[in-house]
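Participant: Let me begin by handing over the structure; questions about it come next.
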Amino acid sequence: MNKPIIMIGNGGHASVLTEILLAQKETIIGFTAPTLEENAFGLTYLGSDEVIEEYNPSDIELVLAIGTIKPSPLREKIFNIFTQKTYHFKSVIHPSAIIAPSVQLGQGVQIMAGTIIQTNTTVADNSIINTGALIDHDCQIGSHIHIAPGTKISGSVHIEKGTHVGTGATIIQGIHIGSNCLIGAGAVVVSNFANGIKAVGVPAKEV
Ligand SMILES: CC(=O)SCCNC(=O)CCNC(=O)[C@H](O)C(C)(C)COP(=O)(O)OP(=O)(O)OC[C@H]1O[C@@H](n2cnc3c(N)ncnc32)[C@H](O)[C@@H]1OP(=O)(O)O
């Protein structure tokens with residue numbers, strides 16, 4: 001039997017994940033947030049993140065439900081704090097996602113509706129592949145990455161940890177993008193980018 005879940009976060013991204021989990025008949029104990037908040041699905045407010053430690057790591061699973069719009073250390077920090085304490089982050093995968101059998105997924109990945117992930121691609125821990133994103137063959141998507149809605153990533157692209165690829169961006173084949181980069185919405189990436197770069201436009205240029 002699946003373990004009951006605690007959601008960390010209560011924004012729009014949390015709502016999308018909650019709806020997937022409820023449709024999959026998962027049991028959600030409640031959610032954590034810094035302060036008492038209403039929840040769109042009537043989930044119970046448990047308190048701030050520290051309350052999680054009242055639960056035995058072997059009795060529950062966590063879902064990191066905080067969304068991001070740019071590189072942010074927060075998701076990585078929370079993931080590391082709780083995995084070091086032996087808590088496990090559940091992956092959330094929408095049933096409409098098409099994921100090739102050879103794809104390797106890390107812990108706590110979130111694969112939203114309408115995504116396609118092709119042969120031999122890897123998606124490492126705690127990354128979000130958001131609604132309708134396409135990732136073709138042999139890509140390496142690092143940990144703590146957000147591939148925003150509608151992004152198109154061609155074959156053999158390597159993206160390092162913590163990078164945000166903005167809504168509707170396109171990346172041609174074989175590109176390497178370093179860690180903690182911000183690729184703007186709608187950008188067309190045709191050249192490599194080093195760590196920490198912000199790039200926008202068609203073709204994408206560093207800004
Ligand atoms: C389910 C979800 O919602 S997930 C969320 C997904 N969201 C995203 O992926 C958002 C990605 N973010 C973006 O594209 C942002 O516009 C950013 C990060 C590239 C720029 O944001 P900021 O740093 O705040 O820049 P700001 O909005 O002040 O604009 C600065 C300039 O860049 C331009 N600009 C901003 N974004 C882009 C873009 N994506 N492409 C080209 N130009 C851009 C602006 O027009 C402005 O130009 P100007 O100086 O000539 O007027």
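Participant: Checking the conditions here, which among G168, G162, G106 is at positive phi, surrounded by fewer than 20 Cβ atoms within 10 Å (Cβ to Cβ) and of a type outside the set (V, I, T)?
Facilitator: It is G168.
Participant: Those residues that are under 15 Å from the mean Cα position of the chain (by Cα) and in a loop (DSSP other than H, G, I, E, B), I need them from the range 89-109; list them, please.
Facilitator: Correct list: K90, S91, H94, A97, G106, Q107, G108, V109.
Participant: Further, regarding this structure: Within the range 153-182, track down each residue that is in a strand (DSSP E or B), closer than 23 Å to R75 by Cβ and either of a type outside the set (A, V, I, L, M, F, W, C) or more than 8 Å from the ligand (Cβ to nearest atom) (or both). Give the steps one after another, and end with the answer.
Facilitator: Initially, the range 153-182 is screened for residues in a strand (DSSP E or B), giving 153, 158-159, 164-165, 170-171, 176-177, 182.
From what's left, closer than 23 Å to R75 by Cβ: 153, 158-159, 164-165, 171, 176-177, 182.
Result: I153, H158, I159, H164, I171, H176, I177.
Participant: Further question: Considering only the range 190-198, I want to know if a residue exists there that is touching a strand residue (DSSP E or B) at 6+ places or on another chain (Cβ under 8 Å), under 28 Å from F89 (Cα atoms) and among the charged types (D, E, K, R).
Facilitator: Initial filter on the range 190-198 (touching a strand residue (DSSP E or B) at 6+ places or on another chain (Cβ under 8 Å)): 192-193, 197-198.
Next cut, under 28 Å from F89 (Cα atoms) only: none.
Within the range 190-198, not a single residue is touching a strand residue (DSSP E or B) at 6+ places or on another chain (Cβ under 8 Å), under 28 Å from F89 (Cα atoms) and among the charged types (D, E, K, R).
Participant: For the range 37-48, does any single residue satisfy the condition of being within 30 Å of S179 (Cβ to Cβ) and of a type outside the set (S, T, Y)? Spell out how you get there, then give the answer.
Facilitator: Keep residues of the range 37-48 that are within 30 Å of S179 (Cβ to Cβ), which gives 48.
With the extra rule that they be of a type outside the set (S, T, Y), the set shrinks to none.
No, every residue in the range 37-48 fails to be within 30 Å of S179 (Cβ to Cβ) and of a type outside the set (S, T, Y).
Participant: I would also like to ask the following. Which residues, counting only those in the range 114-142, are away from the ligand (no atom under 16 Å from the Cβ) and either in contact (Cβ under 8 Å) with a residue 40 or more places away in the chain or not assigned by TED's automatic domain parsing to the domain that holds S156 (or both)? Explain how you work it out, then say what you get.
Facilitator: Looking only at the range 114-142, we keep the residues that are away from the ligand (no atom under 16 Å from the Cβ), and these are 116-125, 136-140, 142.
Hit for the range 114-142 is D125, nothing else.
The values are calculated or read from the model by the stated rules, or taken from the named source; none is laboratory data. In this text, all values refer to a predicted model and were calculated from it rather than measured experimentally. Cβ coordinates were reconstructed from backbone atoms using ideal geometry, including for glycine residues, and neighbour counts include every protein chain displayed.
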